[in-house]
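Below is one structure, written out as C-alpha cells; comments come after it.
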Amino acid sequence: MIPWAIICAIRGEINLGLSILLLLMLMSTVRQILEPKLVSKHIGIHPIFTLIAMYTGFKFLGVLGLILGPIILIILKNIFSNFIDRGLVKTILSKQ
C-alpha cells in the first residue's frame, strides 16, 4: 500500500495518498491487537501466551516461526496437560 500511496502523491492526489497511509496504519493496529486474540480463541490458549509464542518463534526461526511457535505451544500444552491429568507429575513430586 505504501507504493500506491507514493504514486498517488506523485500524481498530485495528496488526499488519496494520505488516506491510503491512514488506512494502512489503522489496519496494522487492528491486526496487531486482534490477531493474538483470534488465534488464541481457536487454540484455547491465553492471548499473551500466543503472542509470546509467535514472538519467540519469530526470533528463533524467522517468519516460519510465527506459524510454528503457536503450534509448538499447543503441543507442549497437550503434553503437560496429559501428564497432569494422569497424575504423573503428582507421583514424581510425592516420591521426593
Q. Applying 1/(1 + (r/R0)^6) with R0 = 35 Å to the Cβ-Cβ distance of Phe83 and Val30, what FRET efficiency is obtained, to the nearest 0.05?
A. 0.40
Q: Using θ = phi - 60° and the Karplus relation 6.51 cos²θ - 1.76 cosθ + 1.60, list the HN-Hα couplings for region 8-17 in order, rounded to whole Hz, with x at every Gly or Pro.
A: 4, 5, 5, 6, x, 9, 4, 4, 5, x
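Only the coordinates and a few stated rules stand behind these numbers; no lab work does. A quick note: this is a predicted structure, and the numbers were derived from the prediction, not measured. Cβ sites come from the backbone with ideal geometry, for glycine too, and all protein chains shown count toward neighbours.
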